[in-house]
Structure formats: structure tokens, C-alpha cells
Amino acid sequence: MSEVTQQPTHYRLLNVLKAIGPYLREPQSEEGHYIFDCLSVCVNDKKSPEEREFWGWWLELAKSEQGFTAKYNIGKYNVEGEWEELELPKKAVSEVTRTQEAFHQKLSEELKSKFELEVELDAASVEFV
């Protein structure tokens, strides 16, 4: 016998999304629109922590009729704390791809199992590098 699926209120969604890992940017998220990011590869680890930049990805997850639409972007998280959409250097591609794919799979599985919601890639999304 299957468990009854809970209604996906904003707060129930936040709890599930936070449990996936440290990716959710809760202060930048709002009901129906959630922001995630991942700092996958340090650009220069010889710099002091407050001066480090990272290669990685960010995601805008928006409510849709079937569930959610995921729009991924890749680039560099700069010292000002902002994302720049840039092509990744070859040495960063495999790690950024690995973290992006692992996150997307976990996100899709959690939303499907907890709320029976699907996650589709946005047509303008940067597919997995």
C-alpha cells in the first residue's frame, strides 16, 4: 500500500529541497521559484578563502503545470559573490558535470517520491556540460 502524497506547499517543498544538500539559496527563493547553486571547483586555492572564486553551476527551478522546470547555467562564482556565465576550463568540466548530474538526479527523485512531481529541463537550460 502506497503512502498518501502530501500537498507540496511552499514550506514542505523547502524542507525537502534543503534536505537534498547545501545547494538551496533560501533567501533568494520564493514560492514557486527556487534558486540553487554549487561551487564545484576552486579557481585558485592558494588565495585566502575570502578571495576565492569557483567554477560551478546554478539552477532556477520554477513551478510548472506538470511539476517544475529546471534552468541550469554554468560559469564562475566571483569574489563579489555573483555568478558570471562563462565557459568552463577543461580541467573543471568533469567535476562540474558530476555535481550537476548528481544533484539533478537527487532533485528529480525527491520531488517524484515525495510529491509525485516531475522535473523537466527548460529549453534554454545549459544541459549538463
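Return the residue satisfying two criteria in turn: it lies in segment 49-68 and is open to solvent by less than 70 Å² (accessible area, probe 1.4 Å) and of a type in the set (D, E, K, R), and of such residues it is farthest from the chain's Cα centre (by Cα). Let's see the steps before the verdict.
In the first step, residues of segment 49-68 are kept if they are open to solvent by less than 70 Å² (accessible area, probe 1.4 Å); the result is 53-62, 64, 67-68.
Next, only the ones that are of a type in the set (D, E, K, R) stay: 53, 60.
Details: Glu53: 18, Glu60: 7 Å.
Among those that are open to solvent by less than 70 Å² (accessible area, probe 1.4 Å) and of a type in the set (D, E, K, R), it is Glu53.
For the condition basic (Lys, Arg), under 12 Å from the mean Cα position of the chain (by Cα) and either buried (at least 17 other Cβ atoms within 10 Å of the Cβ) or on the phi < 0 side of the Ramachandran plot (or both), what is the one hit in Lys71, Lys91, Lys46? Answer to the check: Lys71.
Restricting attention to segment 88-129, the residues that are among the aliphatic types (A, V, I, L, M), farther than 15 Å from Leu17 by Cβ and either in contact with a Gly (Cβ under 7 Å, 6 or more places away or on another chain) or in contact (Cβ under 8 Å) with a residue 24 or more places away in the chain (or both) add up to 8. When segment 94-129 is filtered for residues that are open to solvent by less than 60 Å² (accessible area, probe 1.4 Å) and among the aliphatic types (A, V, I, L, M), the ones remaining, listed by number, are Val96, Ala102, Leu107, Leu111, Leu117, Val119, Val126. Taking (1) surrounded by 12 or more Cβ atoms within 10 Å (Cβ to Cβ); (2) in contact (Cβ under 8 Å) with a residue 24 or more places away in the chain; (3) on the phi < 0 side of the Ramachandran plot in turn, Gly21 satisfies each apart from (3).
Table: residues versus (1) touching a Phe, Trp or Tyr at 6+ places or on another chain (Cβ under 8 Å); (2) of a type in the set (A, V, I, L, M).
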site: Gly21; (1), (2): yes, no
site: Pro27; (1), (2): no, no
site: Glu31; (1), (2): no, no
site: Ser40; (1), (2): yes, no
site: Lys47; (1), (2): no, no
site: Ala62; (1), (2): yes, yes
site: Gln66; (1), (2): no, no
site: Ile74; (1), (2): yes, yes
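Here Gln6 fulfils each of the conditions (1) open to solvent by less than 20 Å² (accessible area, probe 1.4 Å); (2) of a type outside the set (Val, Ile, Thr); (3) modelled with pLDDT under 95 apart from (1).
The values are calculated or read from the model by the stated rules, or taken from the named source; none is laboratory data. Predicted, not measured: the structure shown is a model, and the values here were computed from it. Cβ: placed from backbone, ideal geometry, glycine included. Neighbour counts: every protein chain shown. These area figures cover heavy atoms from the full protein model, side chains too; ligands, DNA and RNA do not enter into them. Shrake-Rupley method; radii C 1.70, N 1.55, O 1.52, S 1.80 Å.
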